[in-house]
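This report concerns only the one structure given below.
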Amino acid sequence: MLNNILPAFLVGGLLCVAGQLLMDLTKAKITPAHVLVGYVTGGVILGGLGLYEPLVRIGGAGATVPLSGFGYTLVKGAIEGAQSGGILGVLAGGVQTGATGIAVAVLFGYLTAIVFNPKG
Amino acid sequence: MLHSKRAGNQTVVFKQPPVILAGYNVVGPKEGQGPLKDTFDMVLKDSYAHEKTWEKTEMKMLETSMKRAAAKANVPLDSVDYNLAGDLLNQIISSNYAARQIGLPFIGLYGACSTMALSTALGAMLIDGGFASKVLCSASSHHETAERQYRFPNEQGNQRAMYAQWTVTGAGSILLADQGEGPKITSATIGRILDYGETDTNNMGAAMAPAVADTILNHFQDLSRQPDYYDMIITGDLGMVGFQLLLEVLKRSGLRLSNNFSDCGVMIYSSEQDTHAGGSGCGCSAVVLTGHLLNKLKSRELQKILFVGSGSLHSSVSSQQGESMPAIGHAVSIEMN
């Protein structure tokens with residue numbers, strides 16, 4: 001088990017450290033929202049170029065759980081979709097592989113909105 | 001003489017200096033743990049204080065400080081001529097709703113964090129101008145309401161820049177009168193807006209320092225005074241960053257600096273409280289004036305002070321559109337004799 005945990009910790013940890021440094025070493029105009037969107041986009045680009053795959057092989061969940069992993073999942077699905085379903089497959093494929101993550105986000109977002117009453 | 005009470009370009013000197021009969025303040029829990037904790041009249045146990053929203057809490061704090069300032073001065077509320085107040089929220093709702101409960105003729109002010117100095121200056125003008133004999137002057141801010149409006153939702157738990165200041169949860173009121181015992185407002189210098197192009201809203205101290213320096217320099221020039229005339233020159237809420245910049249600007253302007261400069265934003269929190277660059281918000285200078293400073297004046301540890309409110313007059317919309325921050329400083333001299 002340690003063989004899985006240690007690489008996952010290192011890869012996931014390094015991805016998070018990079019995000020933190022992005023905020024700490026730049027002007028405060030780089031907010032967590034920028035990092036969030038940047039990581040998804042970065043995952044898409046790296047995944048599309050085939051550069052994220054090795055990280056997933058080494059780090060497992062350490063690479064797939066951070067937001068860059070979501071971008072990687074999207075692009076992976078889009079590429080697979082293109083191979084099986086052509087141009088429409090590109091659009092559908094990303095959402096198909098990302099379906100679990102998207103459904104979980106919608107479900108928990110909905111539940112949180114029902115349970116809590118945000119005031120500011 | 002039409003302009004007999006004016007001195008120089010920006011200063012008015014009061015013929016019959018209005019008296020601060022009493023001051024009252026309410027602060028939040030964090031302020032109540034800070035170095036000035038013993039100078040506050042009321043410390044809330046939590047940031048809600050039994051209200052449903054933080055906005056309601058801020059309104060209640062302001063209403064309480066208005067009522068109790070009058071009570072402390074033994075002045076019935078209905079004998080007060082004007083109620084002057086301002087805060088940080090859109091359309092100054094904290095003041096509007098607090099004033100609704102008070103029921104006095106109300107003048108709402110927006111001077112961002114300079115509001116306490118602004119309301120005090122205007123209150124003194126109303127009294128010395130003969131338009132009022134008693135005036136309530138107040139300001140308030142609340143950490144969570146200000147964060148929500150100017151920055152991010154509190155629930156988001158955004159990380160703050162190390163040079164950012166922490167909005168004070170606090171409301172302060174003073175009761176000014178044309179006669180009585182207490183510290184007197186002897187002159188006031190209304191500031192002009194200066195904007196050196198700072199666009200980072202986390203760095204309000206840097207945006208405000210030039211405007212505050214301008215007001216201080218004009219005050220001294222208008223009255224032919226030097227900094228050593230005062231026992232303490234206390235700026236509103238420049239914070240650690242802005243306060244250092246202010247001293248630098250004043251030094252370069254050729255002012256002979258004495259070590260009597262101080263800043264409410266630097267004083268209100270200790271470094272262990274992890275507020276980064278110190279306090280800000282209308283409430284910051286309001287609670288330091290009504291607590292610490294009034295106490296020192298009444299005990300005559302301080303005889304003459306110059307209280308300089310500092311405000312950054314941007315809005316969340318202007319900053320999102322990339323505009324720089326216009327800033328202002330208003331100075332009020334308060335003397336015991």
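Some notes on this structure:
- Once C-alpha pairs closer than 8 Å and six or more residues apart are averaged by separation and normalised to the residue number of the range B:184-335, the relative contact order reads 39 percent.
- Distant-in-sequence amide contacts of B:Ser280, defined by a placed amide H-H separation under 5 Å and a gap of 5 or more residues or a different chain, comprise B:Trp166, B:Thr167, B:Val168.
- Helical segments meeting 24 Å axial Cα length and Kyte-Doolittle 0.5 threshold in chain B (DSSP H): B:204-223
- Applying 1/(1 + (r/R0)^6) with r as the Cβ-Cβ distance of A:Ile58 and B:Gln149 and R0 = 35 angstrom yields a FRET efficiency of 0.20.
- Across the range B:18-177, the mean sequence separation of Cα contacts (distance under 8 Å, 6 or more residues apart), normalised by length, yields a relative contact order of 33 percent.
- Considering only alpha-carbon pairs that sit under 8 angstrom and 6 or more positions apart, the relative contact order computed for chain B is 25 percent.
- Summarising the amide proton neighbourhood of B:Ile107: residues at separation of 5 or more, or on other chains, whose placed amide H is nearer than 5 Å comprise B:Asn83, B:Leu84, B:Ala85.
- Cα convex hull of the protein assembly as shown - mean projected area over all directions, nm²: 26.9 nm²
- Per-residue HN-Hα couplings for the range B:224-234 [Karplus 6.51, -1.76, 1.60; θ = phi - 60°; Hz; x = Gly/Pro]: 6, 10, 10, x, 6, 5, 9, 6, 8, 10, 10
- Residue separation of B:Lys52 and B:Lys37 scaled by 0.36 nm, minus their Cα-Cα distance, works out to 2.8 nm of gained length.
- The range A:2-115: Cα Rg divided by the 2.2 N^0.38 Å rule of thumb: 1.17
- About its Cα centre, chain B has a charge dipole of approximately 660 debye under the convention of +1 per Lys or Arg Cβ and -1 per Asp or Glu Cβ, with nothing else charged.
- Considering only the Cα atoms of the range B:184-335, their convex hull presents on average a projected area of 8.8 nm².
- Anchor B:Lys304: aspartates and glutamates whose Cα lies under 20 Å away (excluding residues fewer than 8 positions away in-chain): B:Asp128, B:Asp178, B:Glu181, B:Asp222, B:Asp228, B:Asp231, B:Asp237, B:Asp263, B:Glu335
- Using a cut-off of 27 Å between Cα atoms, the listed pairs B:Lys37/B:Lys298; A:Lys27/B:Lys52; B:Lys30/B:Lys296; A:Lys27/B:Lys60; B:Lys184/B:Lys251; A:Lys29/B:Lys56 include A:Lys27/B:Lys52; A:Lys27/B:Lys60; B:Lys184/B:Lys251; A:Lys29/B:Lys56 as exceeding that distance.
- With an a/c value of 1.5 or above and a/b larger than b/c for the gyration tensor axes a ≥ b ≥ c computed over the alpha-carbon atoms, the range B:1-74 is described as prolate.
- Sum of side-chain charges, B:Asn154 neighbourhood, beta-carbon under 10 Å (Lys, Arg +1; Asp, Glu -1): 0
- Positive dipole terminus of chain A, leading residue within A:Thr41, A:Leu21, A:Tyr72 (C-beta point charges): A:Leu21
- Antiparallel %, DSSP beta bridges [both residues in the protein assembly as shown], to 5: 65 percent
- Near B:Leu44, the amide H atoms lying under 5 Å from its own belong to B:Val27, B:Gly28; only residues 5 or more places off or on other chains count, and H is placed 1.01 Å from N.
- Between B:Ser133, B:Ser187, B:Ser319, the residue with the greatest mean-square fluctuation in the GNM of chain B (Cα pairs under 10 Å linked by springs) is B:Ser319.
- Here the spin labels are modelled as points 7 Å beyond Cα on the Cα-Cβ line, and at B:Ser262 and B:Ser324 they lie 3.3 nm apart.
- Of B:Gly129, B:Gly182, B:Gly239, the one that fluctuates the most in a GNM where chain B has Cα springs shorter than 10 Å: B:Gly129
Read-outs throughout are calculated quantities, based only on the coordinates presented, and are distinct from any laboratory measurement. For clarity, every value in this text was computed on a predicted model and none was experimentally measured. Cβ sites come from the backbone with ideal geometry, for glycine too, and all protein chains shown count toward neighbours.
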